[in-house]
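K.L.:
Structure provided below as structure tokens; questions to follow.
The values are calculated or read from the model by the stated rules, or taken from the named source; none is laboratory data. Since the structure is predicted, the reported quantities are computational estimates derived from the model, not experimental observations. So basically every Cβ, Gly included, is an ideal-geometry build from the backbone, and we count neighbours across all protein chains shown. Ligands, DNA and RNA are stripped out before the accessible areas are found, and what is left, the full protein with its side chains, is counted by its heavy atoms. Shrake-Rupley method; radii C 1.70, N 1.55, O 1.52, S 1.80 Å.
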Amino acid sequence: MAVQLKSIRGVHDGLPQDVRQWQQVEQRARAIFKRYAFEEVRLPILEPTELFVRSIGEATDIVSKEMYHFVDQGGDDLCLRPEGTAGAVRAFLQAGLTRAGAQRWFYAGPMFRRERPQKGRLRQFQQIGVEWFGGEGPSEDIELLAMAAAFLEDLGISQVRMEINSLGCQQCRPLYRDLLVKFLTTQHANLCETCCERMDKNPLRVLDCKIASCQNALTDAPEMVAHLCEGCDQHFTGLKSGLDALKVPYRVNPRIVRGLDYYNRTAFEAVTDQLGSQGTVLAGGRYDGLVAELGGEATPAIGFAMGVERLAMLLPEAESASVDVAVITMGDALLNHSLNLAQQLRHADLCVVHCGLGNSKKQFKRANREQARFVVVIGESEAAQGLISLKNMATGEQQQITLEAALQVIAG
Ligand code: ATP
Ligand code: MG
């Protein structure tokens, strides 16, 4: 009986053509991050719900409505991680690394958020993230941004803007927040319902509302960058001058606030116009207070995460790895012989498809479908002489030669 299989909205399969692109993103990230001495960590997908509530912040969208959390059979409140930074900080301090000097980590894996699914916005998606513990910047900020820019360039993604901002610190942000709330109060009538709600709980978030009328109402809003304390101002100036020196293009966007509570000072996003309102492909910032907030020794840190699916959407379709050789067997009695030959070809690191048994026309058809560069035919006479028939599918050239000679021809 056929059963109607259900699938979850916003949760997708990664079929070979998808995974080829994801791997491309991952491989480039690994190669570039290695140059900056970052090492991979593999952290749990399941974490205590409390970890995210404490770090990301109760009033944020993620914690207030997007987390997949549940109570397990033992009564523990668990959560499918919505992002990677909180877990990385937990791992960092539980491993007792706060005095171990700088730690430069990256990770790649699935994240979960119960958002409204749309193009580029999934409920299970993949992030590649980096976290750099133990450096107050701005040199770390400069290098991290340069690494992000180098990665995007290496991947061949053009038309991405790097936008930066400073979110200030414990000293200057509360003063700015008051100024902003005062301003927002004068614009109350022009702001959307969500913004009006955010005014009390999370007023900075009003700044990045995507609704045009709200953005219009914010034209004259005070900007954090104009109200930084001396320390934050110097930090931000240092960041900009370093990026200039390294020729990393950027634009100051005073509207970048990030949706998570733990950020301070440097915040940044890499944005493209090619993905509509899901145009942020990479985002991050400094979170100097988070390690202490979670009970560790105060450790400055900065990081970013990027959406693998969004980046993949900007890449050309990736071709599958080509098959080097298809092996065809003329007569069922030669099966073991041809299977053996396929193995020998694979020992030489070739990608080989054995075309099975039966009708040779069917086998040739299969070899064509695999788009093999060469076809090897094993028949009675070849087997008797210890030779193989090698056909170059591009030129049509065919020869009866030894395996060793064939390997040389195939290697070109
Ligand atoms: P957005 O503003 O698009 O909602 P965000 O600020 O929630 O993004 P972060 O939490 O900073 O995103 O995550 C970093 C990156 O992960 C984003 O820039 C994006 O590329 C990707 N990302 C975030 N949420 C999703 C999602 N639901 N589906 C696919 N990719 C996502
Ligand atoms: Mg979001």
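K.L.:
Direction-averaged shadow area of the convex hull around the Cα atoms of region 325-411, nm²?
P.N.:
Taking a quarter of the hull surface, the average projection is 4.9 nm².
K.L.:
While we're on this one: Relative to the Cα centre, what is the charge dipole magnitude of the chain, using +1 at the beta carbon of each Lys and Arg, -1 at the beta carbon of each Asp and Glu, and rounding to the nearest 20 debye?
P.N.:
880 debye
K.L.:
Just round it to a whole percent: the fraction of Cα-Cα distances in region 184-296 exceeding 19 Å.
P.N.:
56 percent
K.L.:
Can you work out the FRET efficiency for the pair residue 274 and residue 194, with r the C-beta to C-beta distance and R0 = 30 Å, to the nearest 0.05?
P.N.:
0.70
K.L.:
Continuing with the same structure: Report the Stokes-Einstein translational diffusion coefficient (µm² s⁻¹, integer) for the chain, Rh taken as the Kirkwood radius over Cα pairs, at 37 °C with viscosity 0.692 mPa s.
P.N.:
Once the numbers are plugged in, D ends up at 132 µm²/s.
K.L.:
Also, I was wondering about something else. To the nearest 500 deg cm²/dmol, what mean residue ellipticity at 222 nm is calculated for the chain from DSSP H runs of n ≥ 4 alone, each contributing -39,500 (n - 2.57), summed and divided by the residues?
P.N.:
After summing the helix terms and dividing by the residues of the chain, the value is -10500 deg cm²/dmol.
K.L.:
Between residue 398 and residue 175, what is the label-point separation in nm under the 7 Å Cα-to-beta-carbon projection?
P.N.:
Taking the simple label geometry, residue 175 and residue 398 are separated by 8.6 nm.
K.L.:
Another question about this same structure. Please list 3J(HN,Hα) in residue order for region 307-323, calculated via the Karplus relation 6.51 cos²θ - 1.76 cosθ + 1.60 where θ = phi - 60°; whole Hz, with x for glycine and proline.
P.N.:
Taking θ as phi minus 60°, the curve returns x, 5, 4, 5, 5, 4, 5, 8, 9, x, 4, 8, 6, 6, 4, 7, 7 Hz for region 307-323.
K.L.:
Please work out the Cα center distance from region 51-65 to region 85-113, rounded to the nearest Å.
P.N.:
For region 51-65 versus region 85-113, the Cα centre distance is 18 Å.
K.L.:
Also, I was wondering about something else. Output ³J(HN,Hα) for region 60-69: one whole-Hz value per residue in order, computed from phi by the Karplus curve 6.51 cos²θ - 1.76 cosθ + 1.60 with θ = phi - 60°, and x for Gly and Pro.
P.N.:
Karplus-based 3J(HN,Hα) across region 60-69 equals 7, 4, 4, 6, 6, 9, 10, 7, 8, 10 Hz.
K.L.:
First compute the accessible area of the chain with a 1.4 Å probe, then give the percent of it belonging to carbon and sulfur atoms.
P.N.:
48 percent
K.L.:
Using amide H atoms built in the peptide plane, which far-off residues or other-chain residues are under 5 Å from residue 68 H to H?
P.N.:
Those qualifying (amide H under 5 Å, at least 5 residues apart or on another chain) are 80, 114.
K.L.:
Between residue 9 and residue 244, what is the FRET efficiency for a Förster distance of 56 Å, r being their Cβ-Cβ separation, to the nearest 0.05?
P.N.:
0.80
K.L.:
Between residue 361 and residue 45, what length comes free when the chain is fully extended (0.36 nm per residue of separation minus the Cα-Cα distance, one decimal in nm)?
P.N.:
Using 0.36 nm per residue and subtracting the Cα-Cα distance, I get 108.8 nm.
K.L.:
In what order, largest first, do 28, 54, 205 sit by accessible area if the probe radius is 1.4 Å?
P.N.:
Per-residue accessible area, sorted high to low, gives 54, 28, 205.
K.L.:
Report relative contact order for region 325-411 in percent, whole number only (criteria: Cα-Cα under 8 Å, sequence separation at least 6).
P.N.:
Relative contact order of region 325-411: 30 percent.
K.L.:
A further question on this structure: Taking amide H positions as placed in the peptide plane 1.01 Å from N, state which residues far from residue 252 in sequence (5 or more) or on other chains have amide H under 5 Å from it.
P.N.:
Distant-sequence amide H within range of residue 252: 164.
K.L.:
Kindly sort 288, 244 by accessible area of their heavy atoms, largest first, with the probe set to 1.4 Å.
P.N.:
244, 288
K.L.:
Restricting to Cα pairs below 8 Å that are 6+ residues apart, what does the relative contact order work out to for region 59-104? Please round to a whole percent.
P.N.:
Once divided by the residue count of region 59-104, the mean separation gives 23 percent.
K.L.:
Checking the cross-link filter: which lysines have an alpha carbon closer than 25 Å to that of residue 361, excluding same-chain neighbours under 8 positions apart?
P.N.:
Of all the lysines, those that pass the test against residue 361 - Cα under 25 Å, at least 8 places apart if same chain - are 391.
K.L.:
Which one, 237, 184, 301, is farthest towards the positive end of the dipole of the chain when Lys and Arg carry +1 and Asp and Glu -1 on their Cβ?
P.N.:
Of the candidates, 184 comes out farthest on the positive side.
K.L.:
Which of 401, 379, 328 sits farthest toward the positive end of the charge dipole of region 325-411, with +1 on the Cβ of Lys and Arg and -1 on the Cβ of Asp and Glu?
P.N.:
328
K.L.:
I've got another one for you. Which percent, to the nearest 5, of DSSP beta bridges fully inside the chain are antiparallel?
P.N.:
DSSP beta bridges in the chain are roughly 80 percent antiparallel.
K.L.:
First check a/c for region 71-208, with a ≥ b ≥ c the square roots of the eigenvalues of its C-alpha gyration tensor; if it is under 1.5, answer rounded, and if not, answer prolate when a/b is larger than b/c or oblate otherwise.
P.N.:
In terms of gyration-tensor shape, rounded.
K.L.:
Write down the accessible area per residue of the chain in Å², having rolled a 1.4 Å probe over the full set of protein chains.
P.N.:
I get 51 Å² per residue for this part.
K.L.:
Enumerate the calculated ³J(HN,Hα) couplings along region 114-130 in order (Karplus 6.51 cos²θ - 1.76 cosθ + 1.60, θ = phi - 60°), each rounded to whole Hz, writing x wherever the residue is Gly or Pro.
P.N.:
7, 9, 6, x, 7, 4, x, 10, 10, 8, 10, 9, 10, 10, 10, x, 10
K.L.:
Could you list which residues have their amide H under 5 Å from that of residue 168, counting only those 5 or more apart in sequence or on another chain, with H placed in the peptide plane?
P.N.:
265
K.L.:
Given a cut-off of under 8 Å on Cα pairs at least six residues apart, what relative contact order in percent is computed for the chain?
P.N.:
Worked out over the chain, it gives 16 percent.
K.L.:
Using the per-residue mean of other Cβ atoms lying within 10 Å as a proxy for protection, in what order, highest first, do the peptides 113-126, 356-369 fall?
P.N.:
Result, highest mean Cβ count within 10 Å first: 113-126, 356-369.
K.L.:
Calculate the FRET efficiency for residue 233 and residue 77 from the Cβ-Cβ distance with a Förster distance of 51 Å, rounded to the nearest 0.05.
P.N.:
Efficiency at R0 = 51 Å is approximately 0.80.
K.L.:
In the chain, which helices (entire DSSP H runs) extend 24 Å or more along their own long axis, judged by Cα positions, while averaging at least 0.0 on the Kyte-Doolittle scale?
P.N.:
Taking the DSSP H segments of the chain (at least 24 Å long, mean hydropathy at least 0.0), we get none.
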